[in-house]
Amino acid sequence: MHITLAPMEGVVDSLMRDMLTRIGGFDLCVTEFIRIVDQLLPKRVFYRTCPELHNNSMTPAGVPVKIQLLGQDPNWLAENAARAIELGSHGLDLNFGCPAKTVNKSRGGAILLKEPETLYQIVSEVRKAVPQGTILSAKMRLGFNDTSLAFENAQAIAAAGADLLVIHARTKLDGYKPPAYWNWIAEIKKVVDINIVANGEIWSAQDAVNCQIKSNCQDIMLGRGALALPNLAQVIKQGSGQMPWDEVRMLLVAYSGYEIFGDKGRYFPNRLKQWLGYLKLQYPQAGILFNEVRALKTANEIIPVLNKV
């Protein structure tokens, strides 16, 4: 089984990738998307989103990191894809699944699931732009408002030359509401001849097994479930027990140590509260801690609370 850490915008940055891959169980990470509009972005943008490029595009634990691009212009996406590979990214991922309204309004992410021909053009141009042997993947949902184009979209992506397709088994309209329709992935697998990774609503080892059976996929991608249970990948792969709360609390302390340096400091309070929001799904103690820090606005106020025994 191959487990990928999902690219969660505004949540899974390089610091979170570092922490979760140190715990173990992940085989690959995908970055938050880099938005491509109408230019070749400077190298510093790629390094900012993926500082692992300075380490052969690996996390400190040695897990490969792949850059994800989001946009609608095939030629500009192709040029930026070539730059990402030139800088050392372990393959290239294209985002056709982001449900955010601001992204969709500018014809990015899931809105393109209404346009199979555009998907084909984007993947085709990127395929031609990156060196032979580059693993090109795409992430899609089952559709925008419905599943009527699910097969056509997957076939367009495959026919254009993608090596791998990650399917989040919900439509954009479904958002993140359970359930995930894993059986749809199995049906899509029947009409495309590329590797598929199943994603959506995997919170436990049993969820992973159920997903594999219903999707007919061996490989999975973990997102929110890994934030709620930091050692979820190990639980799934090795049958490990749930990480004790004391260890999770130490992760929160370590996270504060990462985040307060440089310009990350201003984001730390919101990101920590966001993470606690996921953790409280598995740990009652996280809910208590969330209530203690929810009104605090600075790292200097929050860190002493985290350090309390």
Rounded to whole Å, give me the distance from the Cα center of the stretch 120-148 to that of the stretch 205-245.
26 Å
Checking the cross-link filter: which aspartates and glutamates have an alpha carbon closer than 14 Å to that of residue 190, excluding same-chain neighbours under 8 positions apart?
152
Proxy reagent accessibility, fewest Cβ within 10 Å first, across 16, 8, 250, 140
250, 8, 16, 140
For the chain the mean separation of alpha carbon contacts under 8 Å (6+ apart) over residue count, i.e. relative contact order in percent, is 14 percent
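Give, to the nearest whole percent, the P(r) tail of the stretch 6-80 beyond 16 angstrom, counting all Cα pairs. Show your work: numbers first, answer last.
Details: 1322 of 2775 pairs.
Looking at the stretch 6-80, the distances longer than 16 Å represent 48 percent of pairs.
Under the rule that an exposed site lies in a DSSP loop and has at most 12 other Cβ atoms within 10 Å, name the longest stretch of the chain with no trypsin sites (Lys or Arg not before Pro) of that kind, not counting the sites themselves. Mind dumping the intermediate values first?
Values: sites that count: 190, 294, 297, 308.
Here the longest segment lacking exposed loop sites spans 1-189.
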One would report the Cα pair-distance distribution of the stretch 118-275, bin width 5 Å, in %, as 2, 9, 15, 16, 14, 13, 13, 11, 6, 1
Within the stretch 136-208, report the chymotrypsin sites (Phe, Trp or Tyr not before Pro) that DSSP leaves as loop and that have at most 13 other Cβ atoms within 10 Å.
176
Report D for the stretch 147-194 in µm² per second (integer): Stokes-Einstein, Kirkwood Rh on Cα pairs, 37 °C, 0.692 mPa s.
290 µm²/s
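Would you mind giving the average projected area, over all directions, of the Cα convex hull of the chain in nm² with one decimal?
On the way: hull surface 59.7 nm².
Mean orientational projected area (the chain, Cα hull): 14.9 nm².
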Counting only DSSP beta bridges fully inside the chain, the antiparallel percentage to nearest 5 is 5 percent
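A 31 angstrom limit on the alpha carbon distance is what I want to check against. Which of 101/297; 237/308; 114/280; 172/308 exceed it?
On the way: 101/297 27 Å; 237/308 33 Å; 114/280 36 Å; 172/308 41 Å.
Violating the 31 Å limit, Cα to Cα: 237/308; 114/280; 172/308.
Tell me, 217, 50 in order of fewest to most beta-carbon neighbours within 10 Å? Present the calculation step by step, with values, prior to reporting the outcome.
Numbers: 217 23, 50 27.
Fewest-to-most ranking of 217, 50: 217, 50.
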Could you give the Stokes-Einstein D for the stretch 78-120 in µm² per second, using the C-alpha Kirkwood radius, 4 °C, 1.567 mPa s?
112 µm²/s
Given the convex hull over the Cα atoms of the stretch 245-306, what projected area results after averaging over all orientations, in nm²?
3.6 nm²
Just going by the charge dipole of the chain, with Lys and Arg at +1 and Asp and Glu at -1 on Cβ, which of 276, 7, 302 is farthest out on the positive end?
302
Using Cα atoms only, what is the angle between the long axis of helix 284-293 and the major principal axis of the chain, expressed in degrees (0 to 90) to the nearest 10?
80 degrees
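Read-outs throughout are calculated quantities, based only on the coordinates presented, and are distinct from any laboratory measurement. From a predicted model like this one, the values you see are computed outputs, not experimental measurements. Note: ideal-geometry Cβ built from the backbone for every residue, glycine included; neighbour counts use all protein chains shown.
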